[in-house]
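One structure below.
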Amino acid sequence: MRIMASMDMLFGDMPLDAWPSAGAGAEAMPWSNFVSARTHLKSGSPSDAIAEWRHILDQPGLEPRPLSR
């Protein structure tokens with residue numbers, strides 16, 4: 001992995017359509033919810049995307065850094 005790509009991921013400097021990347025554990029919670037939110041945005045349903053993000057934030061014990069994007 002490129003160093004800059006790692007830094008982009010670490011600091012959240014990635015566009016929503018690139019994060020999380022395919023194959024990066026995107027099928028597990030909370031990543032699957034980020035993918036669902038991205039799908040909702042692309043299909044023109046921002047309220048459903050917001051609901052996905054709120055669901056993520058409601059989960060106890062998650063690392064806050066990726067969630068603050």
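The values are calculated or read from the model by the stated rules, or taken from the named source; none is laboratory data. Keep in mind the model is a prediction, meaning the values are calculated, not measured. Reconstructed Cβ throughout: ideal geometry from the backbone, glycine too, with neighbour counts over all protein chains shown.
Contact annotation: residue pairs with Cβ atoms under 7 Å, 6 or more positions apart or on different chains, pairing a residue in segment 11-40 that is at negative phi with a partner that is among the basic types (K, R) and at pLDDT 80 or above, are L16/R38; D17/R38. Each residue in segment 15-48 was checked for being under 16 Å from Q59 (Cα atoms) and surrounded by fewer than 13 Cβ atoms within 10 Å (Cβ to Cβ), and 2 pass.
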